[in-house]
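Novice: Below: one structure in structure tokens.
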């Protein structure tokens, strides 16, 4: 009989526990401020990363700007008359890869950027083939842009906010 009363007591306690209401989940407050850091992947060791400070927004003047491409994934681009240079103007992308002319279109929503299409002339590009391939690859991968606080360079970022390329402003 003692066992039965203990079992009934345990069942009563378990039953009362089921009657208590769980605390209401608190609504999540989403922040509308974009993160102000980006990841910079080391070219030689993809498991190592660091962060650099970037501006949270892109100025409206971006849609009427020209930039010189300095590096893609740590690979320096040519300088002087072979330097890749690109202009953004109201949804149109144009520029020079160091060997070929490039024209295309882009869409931007704040810090999100998609190059929706681009084409290049048929100029042979044997001497700068690696640079040409890197430029094509970067424009296909870019999903976000940021301005680096330390030098006002434009950072092209992928889906995971990894640094793809850096461009300096031209005036």
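Novice: In region 59-74, is there at least one residue being more than 19 Å from residue 146 (Cβ to Cβ) and either part of a strand (DSSP E or B) or modelled with pLDDT under 95 (or both)?
Specialist: At the first step, the residues of region 59-74 found to be more than 19 Å from residue 146 (Cβ to Cβ) are none.
The answer is no; no qualifying residue exists.
Novice: I've got another one for you. Residues that are in a loop (DSSP other than H, G, I, E, B) and surrounded by fewer than 19 Cβ atoms within 10 Å (Cβ to Cβ): does region 103-110 have at least one?
Specialist: The initial filter retains those residues of region 103-110 that are in a loop (DSSP other than H, G, I, E, B), namely 110.
Applying the additional criterion that residues be surrounded by fewer than 19 Cβ atoms within 10 Å (Cβ to Cβ) yields 110.
Within region 103-110, one or more residues are in a loop (DSSP other than H, G, I, E, B) and surrounded by fewer than 19 Cβ atoms within 10 Å (Cβ to Cβ).
Novice: Just the residues that are under 18 Å from the mean Cα position of the chain (by Cα), farther than 17 Å from residue 112 by Cβ and buried (at least 17 other Cβ atoms within 10 Å of the Cβ), please, taken from region 53-69.
Specialist: 67, 69
Novice: Got a sec? Which of 141, 132, 123 is at pLDDT below 95 and within 23 Å of residue 162 (Cα to Cα)? I'd like the intermediate steps shown before the answer.
Specialist: On the way: 141 fails: at pLDDT below 95; 123 fails: within 23 Å of residue 162 (Cα to Cα).
132 is the lone residue from the list that is at pLDDT below 95 and within 23 Å of residue 162 (Cα to Cα).
Novice: Just give me the residues in region 79-89 being more than 18 Å from the chain's Cα centre (by Cα) and at pLDDT 95 or above, in sequence order. I'd like the intermediate steps shown before the answer.
Specialist: Step one: list which residues in region 79-89 are more than 18 Å from the chain's Cα centre (by Cα), which gives 79-87, 89.
Once the filter is applied, which keeps residues that are more than 18 Å from the chain's Cα centre (by Cα) and at pLDDT 95 or above, region 79-89 yields 83, 84, 85, 86, 87, 89.
Novice: Could you list, in sequence order, all residues of region 111-128 that are within 22 Å of residue 62 (Cβ to Cβ) and either surrounded by fewer than 17 Cβ atoms within 10 Å (Cβ to Cβ) or over 15 Å from the mean Cα position of the chain (by Cα) (or both)?
Specialist: Taking region 111-128 first, the residues within 22 Å of residue 62 (Cβ to Cβ) are 111-118.
112, 114, 116, 117, 118, listed by residue number.
Novice: Does residue 132 meet the test of being surrounded by fewer than 16 Cβ atoms within 10 Å (Cβ to Cβ), more than 17 Å from the chain's Cα centre (by Cα) and farther than 21 Å from residue 57 by Cα?
Specialist: On the way: surrounded by fewer than 16 Cβ atoms within 10 Å (Cβ to Cβ): no; more than 17 Å from the chain's Cα centre (by Cα): yes; farther than 21 Å from residue 57 by Cα: yes.
In short, no.
Novice: Right, here's the next one. Which pairs turn up if I take residues in region 60-89 that are in contact (Cβ under 8 Å) with a residue 12 or more places away in the chain and on the phi > 0 side of the Ramachandran plot and look for partners that are surrounded by 14 or more Cβ atoms within 10 Å (Cβ to Cβ) and not in a strand (DSSP E or B) with beta carbon separation below 9 Å, at least 6 apart in sequence or on another chain?
Specialist: Matching pairs, first to second residue: 73/134; 73/137; 73/138.
Novice: Which number in (1) over 14 Å from the mean Cα position of the chain (by Cα); (2) surrounded by 15 or more Cβ atoms within 10 Å (Cβ to Cβ) marks the one condition that residue 146 misses?
Specialist: Every listed condition holds for residue 146 apart from (1).
The values are calculated or read from the model by the stated rules, or taken from the named source; none is laboratory data. Note that the coordinates shown come from a computational prediction; the quantities given were computed from them, not determined experimentally. All Cβ positions, glycine included, derive from the backbone under ideal geometry; neighbour counts span all protein chains shown.
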